[in-house]
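What follows is a single structure, written as structure tokens, with notes after it.
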Amino acid sequence: MIVLGIESSCDESAVALLEIDRTQKPKILFEAIASQVDLHAQYGGVVPELAAREHLRSLPILLDRALVESGLSASKIDLVGVTQGPGLKGCLLIGIEFAKGFCIGQNLPLYGVNHIEGHIHAAKLDEPALKEPFIALVVSGGHTEIVRVRANYEYAVLSRTIDDAAGEAFDKSANLLGFEYPGGARLAALADSVDSSRFILPKVMRESEGFSFSGLKTAISLLIRRQKETLSDETIRAELAFAIQESIIDSLLYKLKRELEKEQVTAITVTGGVACNKRLRQKIKDACGLPVYFPNVEHCVDNAAMIALVAGLKYKGSSHKMESDLEVLPRWPVEQLNFS
Ligand code: KG4
Ligand code: ZN
């Protein structure tokens, strides 16, 4: 089966063509992402209206490229998967309407995919050995969740953030250190250049139910303010970055280990943009005692191959209603999928 995937939930427009046979590793025939990072950097965060306008401009170009560069004619596509939510309403709407237009033109079925479910299964694009039951740590700019995943796409959210997401904690801290939005990866690179315990941040809200990064953010901003005079010293900036990275990772790792103690699972996957973080990868591998699967970097961040994958795995032919009226679901908790 050949699935076209379309993703537009936030600030990346993405299109992929995936050949999927449920028993084998899915084969990516084409994938491309048009990133809007430079557009939003000047505003210090994503501007939803600008993002939606960019999706409108980029998606037709990406789809043309997909067909030309893969050498496939549109008639060879069997199914279209599009991100239905969660995400920015206007952005989702552009992707969904674009997908509907293509499906009507080509007489194709359309399947609405939950973006978080896409992240949860993204490692299967690169690591077919990942099998249920597993725990997924989803860490991105918009989401921080620990999800137990059982066979038949059954989900239980064990912990989620009550304020900022882990990626936001990285980005806001990076901003305090003088990096342009989104500075998470640059903060991580600076942190990785040293190994120092000169600065230690408090372990905030460790015992609370969900994740919380707002207390940590306050502690970080106080620490940076106190060190203002010394921030021009590159080593001190790196040592601050190191302390920030350690504290965000500590918070993720502490809760992940706590949930693992209670759950009967055979593997872990860590996914979402923050899963690109090398220190996080190493610490989870060292601490968790189970096989850990990470998507390749291009599949950690928002991408359309993961959307095509979930559509291809879950679509059940004519048993599923034709979604010509697929609605936008800006808030769509992953556990609601258990009842759909
Ligand atoms: O999954 P993603 O592309 O978009 C969302 O769905 O939000 O994640 C982007 C987030 C940003 O906050 C970015 O700073 C963070 O992932 N990120 C990192 C690293 N690379 C990307 N955070 C920490 N370390 C990294 N190496
Ligand atoms: Zn995402």
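Panel values: the range 256-340, Kirkwood radius from alpha carbon pairs, Stokes-Einstein at 10 °C and 1.306 mPa s, translational diffusion coefficient 101 µm²/s. For the chain, modelled as a GNM whose springs connect Cα atoms under 10 angstrom apart, the maximal fluctuation among Pro26, Pro60, Pro182 occurs at Pro60. The listed residues Asp64, Asp302 rank as Asp64, Asp302 when sorted by accessible area, largest first, using a 1.4 Å probe. Measuring max minus min along each principal axis, the C-alpha atoms of the range 145-238 give extents of 54, 24, 24 Å (largest first). Distance between the modelled labels on Lys27 and Thr266, one decimal in nanometres: 2.7 nm (7 Å Cα→Cβ projection).
Using the Karplus relation 6.51 cos²θ - 1.76 cosθ + 1.60 with θ = phi - 60°, the per-residue 3J(HN,Hα) values for the range 196-203 come to 9, 10, 4, 10, 10, 9, x, 8 Hz, with x marking Gly and Pro. Once all protein chains are placed together, Met1 keeps about 80 Å² accessible to a 1.4 angstrom probe. Peptides 171-178, 266-273, 326-333 ranked from most to least packed by the mean count of surrounding Cβ atoms within 10 Å: 266-273, 171-178, 326-333. One quarter of the convex hull surface built on the alpha carbon atoms of the range 169-292 amounts to 7.6 nm², the projected area averaged over directions. Against the longest alpha carbon principal axis of the chain, how many degrees, from 0 to 90 and to the nearest 10, is the axis of helix 234-262 turned? The two axes meet at around 60 degrees.
Averaged over all directions, how much area does the convex hull of the C-alpha atoms of the chain cover when projected, in nm²? Write down the numbers at each step before the final one.
Values: hull surface 67.0 nm².
That works out to 16.7 nm², a quarter of the Cα hull's surface.
The 3J(HN,Hα) values that the Karplus relation (6.51, -1.76, 1.60; θ = phi - 60°) gives for the range 81-93 are, in residue order, x, 10, 5, 9, x, x, x, 7, 4, x, 5, 4, 4 Hz. Gly and Pro appear as x.
Using 1/(1 + (r/R0)^6) with R0 = 45 angstrom and r between the beta carbons of Ala74 and Phe339, what's the FRET efficiency to the nearest 0.05?
Values: r = 34 Å, r/R0 = 0.75.
Efficiency, from the Cβ-Cβ distance: 0.85.
Normalised size of the range 72-118, defined as Cα radius of gyration per 2.2 N^0.38 Å with N residues, equals 1.18.
Compute the Rg/Rh shape ratio of the range 47-101: radius of gyration over Kirkwood radius, all on alpha-carbon atoms. Dividing the radius of gyration by the Kirkwood radius yields 1.02. Please give the FRET efficiency for Glu132 paired with Ser196, using the beta carbon to beta carbon distance and R0 = 41 Å, rounded to the nearest 0.05. Once rounded, the FRET efficiency stands at 0.55. Between Lys257 and Glu298, residue separation times 0.36 nm minus the direct Cα-Cα distance comes to 12.1 nm. Measuring between their Cα centroids, the range 86-128 and the range 206-285 lie 30 Å from each other. Taking Cβ atoms as reference points and 10 Å as the exclusive limit, the residues near Lys217 contribute a net charge of -2, counting Lys and Arg as +1 and Asp and Glu as -1.
Entry for the range 237-280 at q = 0.28 Å⁻¹: log10 I(q)/I(0) = -1.08, Debye formula applied to identical alpha-carbon scatterers, no solvent contribution. With the alpha-carbon atoms of the range 91-173 aligned to their principal axes, the span from lowest to highest coordinate is 44, 34, 23 Å, starting with the largest. Mean silhouette area of the range 43-141, derived from the convex hull of its C-alpha atoms and averaged over all directions, reads 8.2 nm². Show log10 I(q)/I(0) for the range 190-240 at q = 0.12, 0.27 Å⁻¹, two decimals, from a solvent-free Debye sum over equal Cα scatterers. Values, matching the q order: -0.32, -1.06.
The values are calculated or read from the model by the stated rules, or taken from the named source; none is laboratory data. Just so we're clear, the structure is a prediction, and the values are computed from it rather than from any experiment. Heads up, the Cβs are rebuilt from the backbone with ideal geometry, glycines too, and the neighbour counts pull from every protein chain shown. Just so you know, the surface numbers come from the protein's heavy atoms only, side chains and all, with ligands and any DNA or RNA stripped out. Shrake-Rupley method; radii C 1.70, N 1.55, O 1.52, S 1.80 Å.
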